[in-house]
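For reference, the structure discussed in these notes is given below.
Each reported figure results from applying straightforward, stated rules to the coordinates on display, with no laboratory input. Treat the numbers as computed from the prediction; the structure is a model and nothing was measured. Note: ideal-geometry Cβ built from the backbone for every residue, glycine included; neighbour counts use all protein chains shown.
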Amino acid sequence: MNIMTLYVHRNSPVHNVDPLTKLLFVFISIASTYIISDHLAVLGILLFTFIILMIGKVIKYILPIIGVSFLLIASIIIVQGFFHPDRMTVLFDIGPITIYKEGFAIAFLITLRVVNMVAAFGVLILTTKPDDLVEALLQKGMSPKFGYVLLSVLQIIPQMVALTGKITDAQRARGMETEGGLWMRFKSFLPLLGPVVLNSLTETRERSIALEIRGFSAKVRRTFLYERASYRYGVPMRIALIAFFLAVIVWRVSS
């Protein structure tokens with residue numbers, strides 16, 4: 001995996017799909033789970049998203065991210081299960097806390113939606129190079145400034161992780177203790193904040209200077225270095241995704 005991006009290089013059919021089709025899939029996958037309130041239907045969309053991650057050979061990279069989100073999910077289950085206004089049927093007890101069936105059903109639906117959201121974005125981020133995504137959007141007429149912001153957002157987490165690793169190694173080489181118990185790790189974390197923030201600001205300034213030198217703010221019509229071949233199945237896949245989304249809306253309206 002490239003340290004500057006979450007993209008995972010694999011030879012898979014999902015990697016070959018054009019970025020705009022995958023971006024459309026992310027939108028429809030997430031929007032559909034919020035339009036539908038049926039648990040089985042939302043679970044089916046989630047399973048389909050996981051199947052795509054398996055085909056793309058990147059499912060193991062999304063599992064830690066889902067694991068981090070389970071702290072939020074656990075709080076949703078407790079709050080909805082215990083405080084839901086329509087609570088009537090007792091489902092089970094956790095010590096002094098009573099979880100009600102009505103609240104748990106809502107919490108389970110929200111959990112499925114959150115996990116699907118993370119997994120859908122994983123399909124896009126883990127199988128698409130950020131440069132390819134931004135370039136495809138720019139070729140469709142998106143503002144270069146917005147493209148730069150989007151690219152920065154996609155790269156900020158890997159960049160911060162890489163920068164933190166470098167500074168940690170430098171501090172460790174100078175004799176600072178960075179390993180041990182929870183308190184030791186907390187004390188070693190505080191001295192890292194200053195260098196990480198200052199280096200991030202310096203890199204941002206250097207990047208802005210480099211962009212201006214390369215004519216980022218020029219008002220002329222832009223050309224692209226590489227003309228990418230269009231994905232042969234892109235149009236049928238987009239039509240299928242849009243048809244599915246329309247079917248979801250019709251189902252919701254008629255139900």
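Quote to one decimal, in nm, the extra length available between ARG10 and TRP251 on full extension: 0.36 nm per residue of separation minus the C-alpha distance between them.
Answer, rounded to one decimal: 83.1 nm.
Want the number for PHE244 to LEU43: 0.36 nm per residue separation, take away the alpha-carbon distance, what's left?
On the way: separation 201, 0.36 × 201 = 72.36 nm, distance 1.57 nm.
Extra length from PHE244 to LEU43 when fully extended: 70.8 nm.
If you rank VAL123, VAL14, VAL79, VAL253 by fewest surrounding Cβ atoms within 10 Å, what's the result?
Numbers: VAL123 24, VAL14 20, VAL79 12, VAL253 8.
Placing the least packed residue first, the sequence is VAL253, VAL79, VAL14, VAL123.
Would you please put 165-173, 130-138 in order of how densely packed they are, using the mean number of other Cβ atoms within 10 angstrom per residue and starting with the highest?
130-138, 165-173
With a sphere of radius 14 Å drawn around the Cβ of LEU126, what net charge do the other residues whose Cβ falls strictly inside it have (Lys, Arg +1; Asp, Glu -1)?
+4
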